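J.: Take this structure first; my questions come after.
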Amino acid sequence: MDNGKLSVRYARALFQQAQEQGCEEAVYDGLTRLVHNYILAIAQFNEVLADPIVAKEEKVKLLEMSVGEPMHDCLRQFITFVADQKREDKMLLIALKYMEMYRAKHNIMNAQLTTATELSEATLDKVKAFVEQAFSSHAELEVRIDPSLIGGFILDIEHTRMDASVIGQLNALKNKLKGN
């Protein structure tokens with residue numbers, strides 16, 4: 001079966017179950033932690049979850065550890081179900097689809113702010129407020145620090161990028177000079 005269709009079906013089933021049990025947010029929070037931890041060690045996760053020799057219980061334990069605590073019983077049961085179906089290696093795609101469904105239902109936009117240096121909490125609150133006002137949506141703001149920007153920031157909101165970094169301006173100037 002197509003990985004996209006499979007992940008949508010499983011995510012939809014989890015989403016409906018979470019709605020019925022009133023634990024959508026708890027499952028969303030758990031899956032957010034799972035995705036974050038999975039991405040940090042993606043090669044190792046893929047290797048273990050795709051290995052038919054590794055016991056189902058060990059795969060379940062790995063997924064549960066990546067979610068951490070607190071973990072709602074709904075999510076715990078779902079992870080076991082996915083393992084019973086031998087679809088553990090699809091858990092990242094399922095989690096991402098669930099998160100997409102949750103954000104759509106609750107009008108949440110995902111935004112990544114990349115800056116050259118660490119920003120104060122007040123500045124981060126202003127950026128979040130700007131995103132929420134500009135897009136008439138709640139915002140989840142993920143902050144990254146990349147000193148190679150030299151100064152300024154890059155703000156990625158869904159499929160929109162605002163580049164106000166020094167390196168971005170230098171690259172634009174370089175391209176403009178090459179064109180002349």
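J.: Of the conditions (1) outside the structural domain of LEU155 (by TED's automatic domain parsing); (2) touching a Ser or Thr at 6+ places or on another chain (Cβ under 9 Å); (3) touching a residue at least 40 places away in the same chain (Cβ under 8 Å), ASN37 fails just one. Which one is it?
T.: Failing condition for ASN37: (3).
J.: Quick test for you: out of GLU100, GLU88, GLU121, pick the one residue that is among the acidic types (Asp, Glu) and not assigned by TED's automatic domain parsing to the domain that holds PHE45. If you could, list the steps in order and put the result at the bottom.
T.: Numbers: GLU100 fails: not assigned by TED's automatic domain parsing to the domain that holds PHE45; GLU88 fails: not assigned by TED's automatic domain parsing to the domain that holds PHE45.
None of the other options fit; the residue is GLU121.
J.: I'm told ASP89 meets every condition in (1) in a helix (DSSP H, G or I); (2) closer than 30 Å to ALA134 by Cβ; (3) acidic (Asp, Glu) except one. Can you identify the failing condition by its number?
T.: Exception for ASP89: condition (2).
J.: Can I ask one more? Looking only at segment 121-146, count every residue that is in a helix (DSSP H, G or I) and either under 14 Å from HIS106 (Cα atoms) or of a type in the set (Lys, Arg) (or both) and tell me the total.
T.: Matching residues across segment 121-146 total 4.
The values are calculated or read from the model by the stated rules, or taken from the named source; none is laboratory data. In this text the structure is predicted, and so the values were computed from the model without any measurement. Here the Cβ is made from the backbone with ideal geometry for all residues, glycine too, and neighbour counts use every protein chain on show.
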